[in-house]
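Quick notes on the structure that follows.
The values are calculated or read from the model by the stated rules, or taken from the named source; none is laboratory data. All values derive from a computational prediction rather than experimental measurement. Cβ placement follows ideal geometry from the backbone for every residue including glycine, while neighbour counts extend to all protein chains displayed.
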C-alpha cells in the first residue's frame, strides 16, 4: 500500500505543473476563440473544411463524450460527414492540456507524436469518408448571428473560470482514476512478467486496442496509465496506440456515429481509429528501435522540486473543490416539464443543453441534474420544441 501511495504521489508531482499550464491555455482558447467560432467557420464540403476542422480540433481540450454535442452542432451548421468525422477523431485524441501532461510524464517524443497522429488521423479519415460519401455530401445553409462582444476583463475572468472550475469538474475523476491505476500498476505489476509479455508486439498491440476502444478514458487520464506500463516494459508504440485509441472512442461515441452518420461511416470510423493507433505506434517503434519507453520518458528537462510541490498542492485543491464542493441545489418539483437525457455525462454536456434551451422563447427556468441525468424546464413552451432543441445539440431525450 505504501508503494502504491508513493507512486501516486510521484505521478502527481510530475503531472501537476504541466496540467495547470494546460488548463490555463485551455481557458484562453475557450474565452478568446470558443466553439462558436469553430462552428461558424468550418461548415461546408470538400477537403479544405476537413483540414481546417482537424487543425482547429487538435488544441481543443474536449474529451470523447463532450465532443458529441460539438460534432452534432457542426453537422447541423453545415459541416459535411467528412469534416465531422475528422473532428471526432482529432479533437478528443489530444488537446493543449493533454499535450503538456504528455510532455511532463512521457517526454518530448510522445508530446510530438500524439498530436501528429491526431492530425494525420483526422485528415485520413476525412478524406476516406469524403471519397466514399461523395454523392451524399449535403450542406445546410446556416445564417450565423454575431456573438455578443465581451470585454477583455470578462474574457480573462472566463479564462480562469473555465480553465480552473469548469474543466476540472469534467477531468478530476478521470485524472485521479488514471493516476491511481497508474500508481497501482507501477507498484504491483511484476517487472519480469511485464517485460516478457508487454515487450512483445504481437501481445502488446492487440491488448492495448482491446482495452482502449470500448472504455471511456480522456486524453489526460490515459497518460499516467501509459507511463506506468512504459516503466514496466511496454513497448513505446503500443503505449502511443493506447493513448490514441482510448480517448478517440468509447461506446457512447460509437453509438452517436452509428446513429447520426450511418453504419458505413461507423465502420470506417472504427477501422480507421485502429489503423491509425497501430500504425502510429509501429512507426514510432521503427524509427526509435533502440529506445525503451523508460528512456524516452527521461529525455526531457526536469521541473524543479519546489514548483512540483506547489503545483501539486494547488492542483489537488482545485480538484478537491470541484469534486466535493457543495453545489447550489435548485428544487425542480414545481417545474412544468422534466426530461431524461441518458447520454448527458459531464459539465460540458450540461452547459451545452442549458445554453441551447435558454435560447428558446418562453423558457423561464432550466434546472439540470447530472447525477439523475434529468433536465427540468419551466415556462410557456411546447415540450416537443424542447425535445427537438436538446436533440439538435446531439443528445437523446425522453419526456418524463
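Annotations
- Selection of the range 281-290 for residues being farther than 15 Å from residue 212 by Cα and part of a helix (DSSP H, G or I) yields 282, 283, 284, 285, 286, 287.
- Every residue from the range 87-114 that is over 21 Å from residue 229 (Cβ atoms) and surrounded by fewer than 24 Cβ atoms within 10 Å (Cβ to Cβ): 96
- Condition met for residue 35 (at pLDDT below 80, part of a helix (DSSP H, G or I) and out of contact with any helix residue (DSSP H, G or I) (no Cβ under 6 Å at 6 or more places or on another chain)): no
- Residue match in the range 243-260 (condition: closer than 17 Å to residue 179 by Cα and at pLDDT 85 or above): yes
- Residue 313 satisfies every condition listed in (1) in contact with a strand residue (DSSP E or B) (Cβ under 9 Å, 6 or more places away or on another chain); (2) at pLDDT 85 or above except (1).
Residue by residue, here is whether (1) surrounded by 15 or more Cβ atoms within 10 Å (Cβ to Cβ); (2) outside the structural domain of residue 13 (by TED's automatic domain parsing); (3) under 23 Å from residue 3 (Cβ atoms); (4) modelled with pLDDT under 80 holds:
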position: 236; (1), (2), (3), (4): yes, no, no, no
position: 274; (1), (2), (3), (4): yes, no, no, no
position: 320; (1), (2), (3), (4): no, yes, no, no
position: 326; (1), (2), (3), (4): no, yes, no, yes
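- Residues that are crowded, with 23+ Cβ neighbours inside 10 Å, closer than 27 Å to residue 255 by Cα and at pLDDT below 75 are absent from the range 13-27.
- Listed by first and then second residue, the pairs linking a residue in the range 210-232 that is at negative phi and surrounded by 24 or more Cβ atoms within 10 Å (Cβ to Cβ) to a residue that is at pLDDT 80 or above and part of a loop (DSSP other than H, G, I, E, B), with Cβ atoms under 6 Å apart and 6 or more places separating them unless they lie on different chains, are 219/94; 219/95.
- Any hit, the range 128-138, residues being modelled with pLDDT under 75, assigned by TED's automatic domain parsing to the domain that holds residue 278 and surrounded by 19 or more Cβ atoms within 10 Å (Cβ to Cβ): yes
- Test: residue 368 is buried (at least 18 other Cβ atoms within 10 Å of the Cβ) and assigned to a helix (DSSP H, G or I): no
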